[in-house]
1. Run through the range 68-97 and list the trypsin sites (Lys or Arg not before Pro) located in a DSSP loop whose Cβ has at most 10 other Cβ atoms within 10 Å.
2. Starting at the first residue of the range 89-103, write each ³J(HN,Hα) from the Karplus equation 6.51 cos²θ - 1.76 cosθ + 1.60 with θ = phi - 60°, in whole Hz, x for Gly and Pro.
3. How much length is gained on full extension from L19 to Q51, taking 0.36 nm per residue of separation minus their Cα-Cα distance?
4. May I ask you to sort F79, F160 by Cβ crowding, counting other Cβ atoms within 10 Å and putting the fewest first?
5. Quick check on my link table: of K204/K246; K246/K322; K134/K167, which ones sit more than 19 Å apart, alpha carbon to alpha carbon?
6. Highest mean first, how do 39-49, 303-313 rank when packing is the count of other Cβ atoms within 10 Å averaged over residues?
7. Gap in Å between the Cα centre of the range 297-356 and the Cα centre of the range 264-280?
8. Using a 10 Å cut-off around each Cβ, can you sort E343, E335, E327 from fewest to most neighbouring Cβ atoms?
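Derivation of every value follows stated rules applied to the coordinates shown; laboratory data play no part. Because the structure is a prediction, the values reported are computed rather than measured. Neighbour counts are summed over all protein chains in view; Cβ atoms, including those assigned to glycine, are modelled from backbone coordinates with ideal geometry.
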Amino acid sequence: MTNEITVSMESLFQKAGTLIEKSRNAIGSIANMLTVYTSFQIGKYIVEEEQKGDDRASYGSKVLDSLSQYLTQKYGKGFSRTNIASMRKFYLVYKERDSLIVQSGIAQLPDLQDSGIVQSEIAQFTIKNNWPFKLSWTHYQVLMRIENEEERAFYEEEAFRSAWNVKNLKRQYNSSLYERLALSRDKEDVMRLANEGNVPYEPKDILHTPYVLEFSGLEDKDVYHESDLENAVLSKMQDFMLELGKGFLFEKRQRRFVFNEKNYYLDLVLYNRYLQCYVLIDFKIDELTHQDLGQMQMYVNYYDRYERTEKERPTIGILMCKESDQELVELTLPENSNIYAQEYKLYLPDKKLLQQKLREWVDEVDNKGN
């Protein structure tokens, strides 16, 4: 009888815990949706009011000041002039979604005081996925400051699909992820980045130019060893996986191979569930050599012959180098070898410089097309 009670109680605990977690998640989604909606609508009201004024600049400033004072006096914190200005900017950046908000029917939800009906209807509304803003208000406060529309769309899509928190969103933006990915792709793929985010379909889709490993904490100098870099990266595996992109799973570090009674050690074995293949990574701090490439070819061949199944795609090998030598790679390896030499940096790149490079690349592609 005691065992039956214990089993019954454990089942009760499990069901109650699951219900609470689901409820908290639902409440969080509801609160987020209403916060974003309220911010958008207040921004819309401000712009509509400003358009009635004769001198839009001075009148607009007066509107922000007056509304901030009124809302703060009546509702307390959260309505500073800075926040009110952010709501205005939010509407101006995303005003093309106004019609989607109207179509969603959120404005027709019942009176908020009727909390029982509201929570049920808003939950159903959220589940239908008709709502055009899938991130939090704090996310959009970061996104709406990105001037380039394609870049902004990319970070919004990536933040949603990869479940980035605000800290990760800021880190990826500051590391110029969009520019680094775009410089590794053709123009059609750049447009796909803006519309879909960085979903890997081919091996080249997981490559960055360069990889940024500033989270490792190592200084950019010549005194550290490959083991230092490997240990620093592995101690921050979550950050490293975030830098690599979507779908990576950790399998093994320091994979040992024995050939002709000699031991070889591969730094990292990963698996990408989107590409359905192994991804082998070796860190190199010295000048890249053809021996390094031949050794990676040996690792890739081994995994293709003895580890991957018929349903899996060919293994990818990545040599992370301080400086890559693409000419050496092309001369040493056969075409379609699935082995890449990619540069890494231990500091955040100059965002303006990368943006300039991307603009030059786009202009060059456009000129060739004409």
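1. K77
2. In residue order, the calculated couplings are 5, 4, 5, 5, 6, 10, 5, 5, 8, 4, 5, 5, 5, 4, 5 Hz.
3. Result for the pair: 6.7 nm of gain on full extension.
4. Result, fewest neighbours first: F160, F79.
5. Over 19 Å Cα-Cα: K246/K322.
6. Result, highest mean first: 39-49, 303-313.
7. Distance between centres, Cα-based: 11 Å.
8. So the residues, fewest neighbours to most, are E335, E327, E343.
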